[in-house]
1. Quick check for you: which residues of the stretch D:89-117 have the amide N under 19 Å from the point 7 Å beyond the Cα of A:Glu51 toward its beta carbon?
2. Would you mind checking the stretch D:522-557 for residues with the amide N under 11 Å from a putative spin-label position 7 Å along Cα→C-beta of D:Asp235?
3. Beyond 24 Å, what share of the Cα-Cα pairs of the stretch C:206-348 is found? Please give it as a whole percent.
4. Keeping every protein chain in place, order B:Thr37, D:Thr492 by accessible area at 1.4 Å, biggest value first, i.e. largest first.
5. Suppose all protein chains stay in the model; what accessible area per residue would a 1.4 Å probe give for the protein assembly as shown, in Å²?
6. Under 5 Å between amide H atoms, partner at least 5 residues away or on a different chain: which partners does D:Phe38 have, H built in plane at 1.01 Å?
7. How far apart, in nm, are the 7 Å Cα→Cβ label points at A:Leu172 and D:Asp99?
8. In degrees, nearest 10, range 0 to 90: what is the angle between the Cα axis of helix A:275-303 and the longest Cα principal axis of chain A?
Amino acid sequence: MGRYIIKRVIMAVVTLFIITFLLFLLVRIMPGNPFPSERMSDEAIAKKRAEMGLDDPILVQFGNYIAQIVKSGSFGKGSSLYNGAPISSVLPKAMGNSFRIGGIAICFGVFMGLVLGIAAALNRGKFWDVFCTVLSIVGVCIPSYVFMIFLQYFFAYKVTIFPFYFNNRNFLISAIMPALSLSLFSMSTVARFTRNEMVEVMDSDYVLLAESKGMYGTKLTTRHVLRNALIPIVTVIAPLIVDLLTGALVVEKIYGINGIGKLMVDAITGEGIDYNYVLALGILYSALYIGIMLVLDIVYCLLDPRIRVAGNKKKKKKETGTPAAREEAVQA
Amino acid sequence: MADKILEIKNLDITFTTTAGPVHAIRGVNIDLERGETVAVVGESGSGKSVVMKTAMGILAGNAVINKGEIIFRYKEDDGSTHEVDILKKDKKWIRKNINGRKVSMIFQDPMTSLDPTMTIGKQLMEGMIMHMGLNRQQAAERAVHLLDEVGITDPAKRMKQYPHQLSGGMRQRVVIAIAISCNPDLLICDEPTTALDVTIQAKILELIKRLQADHGISVIYITHDLGVVAKVADYVNVMYAGKIVEVGNIEEIFYDPKHPYTWGLLSAMPDLETDDSRLYTIPGSPPNLLHEVKGDAFAPRNQFALKVDSLVEPPMFKVSETHSAATWLLDPRAPKVEMPEELKKRIVRMLKEAKQDAGEL
Amino acid sequence: MSKKKNAAFSYEENTYVPTAEDFVLDLNQDITTDRNYASQGFWKGVFTRFFKNARAVIGLVIIVLIIIFALIGPGLNHYGYSNIVSVVDEETGKEITARSMPPHIPALHKLFTGEDYDDLFAEHTFIFGTDSMGRDLWTRVWYGARVSLLIAFVTIFIDMIVGMSFGLISGFFGGMADNIMQRFVEIANSIPRLVIVGVLATFMTKGIGLVIVALLLTEWIGMSKIARAEMFKIKGQEYIMASRTLGAGNARIIFKDVLPNTIGPIITQMMFSIPTAIFTEAFLSFVGVGIMLPQCSVGSLIEDGFNNITTLPYQILPPILVLAFLMLAFNFVGDGLREALAPRIEDM
Amino acid sequence: MKKFRKMLVALLSVMMIATLFGATAVSADQGGDIYVMFATNVMSLDTNLATDGDSFEIIADCIDGLTQMDADGAAVPAIAESWDVSEDGCTYTFHLRDDAFWTNGEPVTAHDFEYAWKLAMTANLEYNYMFDSSVGAVKNADAILYEGADPETLGVTSIDDKTLQVELEVPVSFFPSLMYFPTFYPINQAFYESLGDGEYGTSPYTFLSNGAFMLDDYVPGAASMTVVKNPDYYDADRVSLNSITYQVVGSSDQALTGYKSKNLDIAKITGDQVAAVKDDAELAENLKVIGAGYMWYVTFSQTENPSSDGSLANVNLRLAISNAIDRESLVDNYVMDGSLATYTSVPPQFAASATTGEDFSADQTRFAEYIGFDVEKANAFYETAKEELGKDSFQFTMIYGNNEGDEVAKVAQAIKEQVEAALPGVTIDLQAMTKAERLEKMQNDDYCIALTRWGPDYADPMTYLGMWVTNTANNYGFWSNAEYDQLIKDCTSGAYVSDYDARWEAMYQAEELVLKEAVIAPLYTKAEANLINPALQGVEFHPVALNRVYKNATFGN
């Protein structure tokens, strides 16, 4: 297993490098210039472009960009977004907010999704199953920002339980509403998948055998049903994690959270395209995505021996060649 | 008369499916004496495995028990005998006291009967830890012993392996080991060897017979293969469209069948001497129990059908103490009908063979 | 077992007493024809199982209804999706538009209150009311439904063709092929959608075509992940080895043997990618790459409604309800399909 | 199954109780702490990089220039106690106050101004044009900016710590009112040069103030930031507010809820929310419509380019379109926030004549001959245009920004409906894009029609009229008219510079030329509907330079 992980990490670094180059290229091809200005004279614009090194050949620019990251670890400073504020002073705070709120949303969403999914699977056709189906429809059709406004209107205006805007000082209380609204989509997806998967597993023969062995209730569910149902569920959760950590841009805009979602939209559709910010955020997003996909593959192996052991089995056949195989045939 | 371990009295079940209510079991009566082997024979779709799953309390969610009783007599460890109607008990009680402890079951497809994500050892020890209160260490020891008993070589290594690393035959042996792990009184085998090839089939049947002898377990075989029945069963229940149409001991059924459906089954059995090239098959297929059956369900496929068969269902006619069949042909008023020639010749031959085997003994 | 007794079925006894003449051989039967189960092809079986499932049929009916309304809805009244209803005030000569009016149905109003509306637009019928520019929401919702239905079916197509096959193939071959394909997925998924769309916009005409191409590039990834995971589960089964020994080519194994058994989660995922795609289209249209104003889609109407959600809540309701019904229908049909394609045999 | 339901209910109730105790929502009613809304993020607090009104507002809260704005927008002494002007009006000598200090204790000196202005020559690429001959006309500014001269030669010298001398090329009547614009604010050289590149103005620790407030909580791109009262401000006793918290609020609907829930003391609302407020008597009282000064107009590209077939070079076609737009309907039905329909190319309410005190564009009917809403007249122009061009159907594409206000998309769609209804054969496709992309397309002359806006930088009509001189950055129509260029040249540096009234009259002639040729089709002058908490009094609103000034504001008492 260790060797597998090392190989994958190397692959990840290579992939990240390719993504950075691709992003570096695409951002420059995109329409919209880094310094939109109605007043700047052409010479001034030319001066700023030269300052940012935009007129050098692409490869040289890319070389400088990578050198800058490797040497000083800084991703440079913005060309237009928040007017040149260095990324190192803006990004960490935004990441902090997005990850903390996204984290709460994921934990709550996935936990409640699993609980509801299991409840629905165990009560097929009854209340919890209907509730799970309705929730999965609602959770998917109502965008998180509509739910956010709903929460803000009723729980921060009509009844002031939560602060109306996000304020950093009392983080926890002001994080509850955005996290709740963001968790709706993940909760309903996970619930739906859990329910469907568990229903399939509960009808399988080995569950029937387990029941005929005398297993029942939570012991049966946790030991046999859930473990087998987890593979597709985990596969659904992984991309949700990435989206939640980076994708809450509208909710961030409404509730006044400066997170990386809002940062990315500002960087592209704000006052002109800010190359350095788009690149920094792009790299952050892909690193996150690759990391979580690596974790996902490792979880696959842990959960499903067929994948883990299949790896060894091939080895086994090579080593023992004929004796074991013959013996097995005789034995069967 | 040894005491009856299991009595199923006019069990009646309907399934609520999206297409409408399916009256799958229409009054089934099966008895099983302690230590004996009963076979329940019938085409697939006749409802035989439904009956047994009901006895085990693992019936599908959409089944509705209309009426009937399943009396199960078992001896507690302290020797006291208990009698309980499975249908009256709640699922939890059955799981705790009956499933795996007093009655266990083996299923048809060994490929999917074992949990793919759990080692063989763990799946084997689960039952024992729960029912017999053994700790992990004792359970492991007993598990190795059981694997050896069911004929698996190098059991210690097998304990740590996963189902997908074993062949079909070995997996079925593991399932059997699991089934007998808590010394049950009754073992229900739902087509245990159908998914296996013939050589392994014989080994598995032989294994079950040996275990039955060693532990005094009574066994119920559910199968559509009369070859298996001939080898293992003491009594045979022939089931068709949710009812028992004929019941009797092995000799009566094989040598003196009374129900046209049993004739059909017996003549459909291939053996070396049949001379006509095409194998005899019972025409048509089992009725779709979505529509209520009027008269004898087998009538549409029965070349000896009488007018009355389409009017009302035949009751069970008693042929001997242990042999009875539900066909109007046994009614005194019915015309005398002999079984097909082909079948008569074959039965004579089988009788001769049986005497030779008996002679050699 | 004392299951919660739902209604036990009782069947009345057939009390007919046979008479002597009944006992005569009834030889006229043609016992060779098989009346119970005419031999059904696989797809006919799927067809019958699907249509026996009440929820699936309801789902289908809803989808058909929405399609019908999307086609004829805008035609039911004389308002176009883009023309602004307005009237000129006599004294000031100023134009007054019918903006932001809640549902306004004279017929119903008369029914309930007995008298007509007294406002400027008394005789106009706005079933869903008007948007903040004075256009009839009923027409726009159903016009928008056309765009969103197109997106929904495109998404299903993308998921089924691109996403699923990519995932299945990647999972099936495993090893190096799987590695390369997964790295490609990571690269494709890492480019922010806005960047991809921006680049596409430089050499493609903006509009629904571009949105579909954008979806084609990014929407299949979720499905490929699910399909790959399912393949891992099924790959080890013996029957896969069996069909391979029978000489089945890889393609046949993947799509004939593996696919039916992985259909469950694949259909569930397909259902979930539809709303995401519909909102992506709305976002792309807002950014100016998708449909041009004054055209609209369900997604863009939800975004417009969102702008006045607390002051004019009625504006966001119709599009969200249409989307909700669409999703409900797709879910029912999805479940029905899953049931029909890989039926779990009842305990017969 | 009971277990699950019990667990769920327990979980939910625990969450509720925890929040009830924990939450004492931050309400806006303590003492002098007010909450003010911004629509977009603040760009930067560095006077050389800031380009938007919101940034200027915060900078002006924290830093005073030589002069400051009084309630009516006139320039009154600030850091400069007094100033004397030479006879020829070209030399200003500012005398700085003794009690003006930076928040790090150092006194504000004339050198701070000299350093800042010379730094602006190279660092402030957006606004250093205000030094050149078209605006402030500071000596040698044109040479430095456009001919590469050394910034040190700029006509500003600090005679001593408290005296600053400024030499101009030509007398500029409104020069003192230029001084309250952030571009001319001082910067403490030692502090500025001690920070890294791009660090100045990115947090309370990398920013110095000498004004009424100082920075308390700020991170670039922050959704909310706070300034608190500066105790050692020379005029501290005049300032009664404790703190101002700016909250970025995206949508107008949200702003209204924010106001109603007392989380915003000043909230900017648009469109439907204004209509909703007007229906609610109690709220309507607190509604204050303020001229925002900037004018929305349609500009036509008169050249043939990838996006336009060049037919808009025809004057009559442009006049036809301009007269087919019902501006009253635009402001009444779509913008709805008190914006004024505008029929002049210089918007009203921002530039008043020094002699008569009358607003330059008070009379909106002056050019009724060329601009108005008259379908017959529009069709007359349209017919002649069709003959001249030999075409009877036209396909245009109008580009507009999707991040410049909710009402912009509505206005674009309304114009499309109105023009297509009035002029059969004309179809206008709408193309949304970001403001940056729109500017790029307009500057590269790759557009057909554009919905755009311009805000005044200084209180003089020239800030608009200067846009249509041949080859200037903002002449997006690429229109060139010798007579117009000459008129403007006279006003800025020629004959009329000294004769105030003659200059005023010449500007009217220039404006007529623009409208006669329909270079642009003015639409409306944007106003901003603000809901203001009645407890907050004395906030000064201005259409030019600084939107809101809080020095004299009071709260609660």
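1. Residues passing the 19 Å test: D:115-117.
2. D:550-553
3. Distances greater than 24 Å cover 50 percent of the Cα pairs.
4. Greatest to least solvent exposure: D:Thr492, B:Thr37.
5. 39 Å²
6. D:Gln247, D:Val248, D:Val249
7. 4.8 nm
8. With rounding to tens, the tilt is 10 degrees.
The values are calculated or read from the model by the stated rules, or taken from the named source; none is laboratory data. It should be emphasised that the depicted structure is a prediction, and the values quoted were computed from it without experimental measurement. Note that we place each Cβ from the backbone using ideal geometry, even for glycine, and neighbour counts take in every protein chain shown. Surface areas here come from the heavy atoms of the whole protein model, side chains and all, with no ligands, DNA or RNA. Shrake-Rupley method; radii C 1.70, N 1.55, O 1.52, S 1.80 Å.
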